[in-house]
Each structure stands twice: as C-alpha cells, then as structure tokens.
1. Taking segment 111-134 as the search range and keeping residues that are at pLDDT below 75 and either touching a Leu at 6+ places or on another chain (Cβ under 6 Å) or crowded, with 20+ Cβ neighbours inside 10 Å (or both), which one is nearest to LEU207 (Cα to Cα)?
2. (1) open to solvent by less than 10 Å² (accessible area, probe 1.4 Å); (2) part of a helix (DSSP H, G or I): which one isn't true of SER93, the others all being true?
3. I want to confirm something. Restricting to segment 175-192 and keeping residues that are outside any helix (DSSP H, G or I) and in contact (Cβ under 8 Å) with a residue 60 or more places away in the chain, which single residue is most open to solvent (accessible area, probe 1.4 Å)?
4. Being aliphatic (A, V, I, L, M), outside any loop (DSSP other than H, G, I, E, B), modelled with pLDDT of 80 or more and more than 28 Å from THR55 (Cα to Cα) is the requirement here; does LEU217 meet it?
5. Consider SER247 against the criteria (1) hydroxyl-bearing (Ser, Thr, Tyr); (2) crowded, with 18+ Cβ neighbours inside 10 Å; (3) modelled with pLDDT under 75: it satisfies all of them except one. Which criterion is unmet?
6. Taking the criterion of being without any contact (Cβ under 8 Å) to a residue 60 or more places away in the chain, crowded, with 21+ Cβ neighbours inside 10 Å and aliphatic (A, V, I, L, M), would at least one residue in segment 135-147 satisfy it?
Amino acid sequence: MEIVVTGWEWATRVCGGNVVLATTVASFVAWVVMFGALWVLPIIKFLLPETAVSTQCTACHKIISLVHGAISALAAFYGIWWFIKEYNVTNLSSFLMAVPVKPREDVTLEIVMAITLGYFFADWITCALDKYGKFTLVDWVHHTVSAGQYVLMLYYRWGLIIPVLLQTNEMSTPSLNARWLLGHSKSWNGSLLHTLSVVSLGVLFILGRVIFASAVLVAVWYLRLSNLWPEGKDEPTVPPHWYGDVSVGSVSLYCLVQYFFFFKILQVVILGPAKKPTSGTPHNKSE
C-alpha cells in the first residue's frame with residue numbers, strides 16, 4: 001500500500017509529533033517568508049510609489065500585521081466558540097468555572113495561540129533586522145509579556161482560554177494598519193475608506209482592548225482571589241503555586257499596555273496627529 005506523507009505530517013514528525021510546536025514553527029516561517037516577499041517583490045513600490053525606502057519597509061510590517069490581526073482574531077473567536085461548546089457554558093458563572101480547567105486531549109486552543117506565538121517571534125526577527133524599523137519600549141513589553149504568557153500556558157495547559165480571550169483584541173489591528181497604509185497613500189489619504197478605518201479603529205479598540213480586556217482582567221483577579229484557579233481536583237498534576245500569580249500579573253501588565261495605547265489615541269484625538277517623520281527617519285512599530 002502506498003504511503004503518502006503530506007508536508008504537514010512531515011513538519012509534525014520533525015517537531016517530534018508535537019502539533020502545537022509544528023504550528024508555531026510553520027507560523028513563524030510563513031510570516032518571515034511573507035515579509036521577504038513583500039520586501040523583494042515590487043508590491044509596496046506599486047502600492048505606495050511616492051514613499052521613501054524607510055516608509056516602504058515599514059509598510060511591509062503593516063501589511064503583515066494587518067493579515068495576522070485578521071487571522072488571529074478569527075481564530076480566537078473560533079476558539080471561544082469551541083470552548084463554550086466543549087464545556088457546555090450557558091452563563092457567566094459556568095464560564096468562570098470552566099476557565100481554570102485544563103483542556104482534554106484536544107489542542108484547538110493551543111493551535112489558536114500557536115499562530116500568534118509564531119508571529120511574535122517573526123516580528124522580533126524582522127524588526128531586529130530592519131534598520132528602518134524601531135521597536136519602542138512598549139512594543140518590547142507587549143511582545144515579551146504576551147509571548148512569555150503564551151509559552152508558559154502552552155507548557156502547563158491551564159487556563160488556555162485566557163490568552164485566547166485577549167487574542168480577540170486583534171480585531172482592531174487591521175483597522176490600525178489600514179489607517180496607516182491609506183494615510184500614506186496620496187490616492188487614498190482623506191478618502192471615505194481612510195475615515196472608516198480611523199473610526200473603526202477607535203470603536204474596536206475601545207470595545208476590545210479597553211472594555212473587554214478589562215472584563216477579562218476582573219474575571220482573572222476574581223478567580224485568583226477566590227482560590228478558584230488553578231483547580232486541580234480532577235487532574236493528576238497541578239502547576240506550581242506561582243503559576244496563577246504569574247498569569248494574573250501578565251494579564252494585568254497586558255491591560256496596562258492597552259491603557260497606554262488608549263491614552264495615546266485620546267491624545268491624538270484631542271491634540272491632533274503628530275508630525276509625520278521625514279524621509280529616512282525610523283518609524284515606530286506601534287505608530
């Protein structure tokens with residue numbers, strides 16, 4: 001009988017049969033290849049012909065971030081739907097009780113997280129190699145805290161729905177990057193589409209990264225202070241005692257970063273946009 005080994009099966013075997021690790025590696029490679037293709041091929045030059053080289057390089061990051069934001073948010077919403085169905089969640093109380101539970105053999109939530117974890121690593125590498133790009137302190141804190149939380153939770157597999165809940169915040173990322181790309185195009189700057197991207201960014205950011213993220217933060221603190229998380233009554237192993245504290249701390253720090261970005265948005269709304277950098281000046285990734 002002929003045995004056909006697909007590329008995914010081969011990648012999984014290389015990663016020791018670990019599907020989550022294979023997904024993370026595949027995600028990392030995909031984003032790096034996409035960045036290289038955008039930079040080498042005349043795609044950015046065609047979309048933004050009037051911009052400087054530094055702006056074209058930044059545009060590569062913006063397009064990749066836009067695509068990742070859309071995929072990551074859709075995957076997160078699917079993960080939440082799977083979680084509600086898997087654990088028979090019918091109300092807020094049953095949802096809170098299901099949060100600390102260690103998932104069964106299914107790796108749905110892990111794969112959802114692995115897609116974004118691979119992106120974090122790719123973003124680190126491409127920004128480090130990009131002489132025009134610039135990671136701010138806030139960018140470093142956001143990526144480091146998020147990636148660290150993902151690695152920790154993927155290892156212990158407790159409370160996996162928490163980072164997936166926060167991953168829904170990526171729904172504002174496409175609007176953020178579309179605003180930048182349209183704003184740097186002479187043809188689309190000031191257009192109705194550009195205005196819609198600005199408005200949708202504000203609405204989605206407030207709903208997701210401020211209100212919803214704050215609700216997740218309150219829920220995590222409630223579970224921790226009520227000694228409901230982690231809960232290992234029916235599990236053979238329990239994470240270290242510091243696991244819950246680190247998880248609560250990382251969610252708290254994540255929310256602080258979002259509040260900082262929200263403050264910057266309010267600053268732009270009240271005081272107006274900052275003066276655009278001149279040609280050849282490095283761009284902040286979080287711009």
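1. Step by step, filter segment 111-134, then rank; the result is GLY133.
2. Every listed condition holds for SER93 apart from (1).
3. Applying the filter and picking the extreme gives LYS186.
4. When the stated conditions are applied, LEU217 passes them.
5. The single condition SER247 does not satisfy is (3).
6. No, segment 135-147 contains no residue that is without any contact (Cβ under 8 Å) to a residue 60 or more places away in the chain, crowded, with 21+ Cβ neighbours inside 10 Å and aliphatic (A, V, I, L, M).
Every residue, every condition in (1) buried (at least 18 other Cβ atoms within 10 Å of the Cβ); (2) within 23 Å of GLU170 (Cα to Cα), yes or no:
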site	(1), (2)
ALA75	yes, yes
TRP81	no, yes
VAL99	yes, yes
ASP106	no, no
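The values are calculated or read from the model by the stated rules, or taken from the named source; none is laboratory data. Just so it is clear, the model here is predicted, and its values are computed rather than measured. Neighbour counts run over all protein chains shown; Cβ positions are idealised from the backbone, glycine included. Heads up: the accessible areas ignore ligands, DNA and RNA and are worked out on the full protein's heavy atoms, side chains in. Shrake-Rupley method; radii C 1.70, N 1.55, O 1.52, S 1.80 Å.
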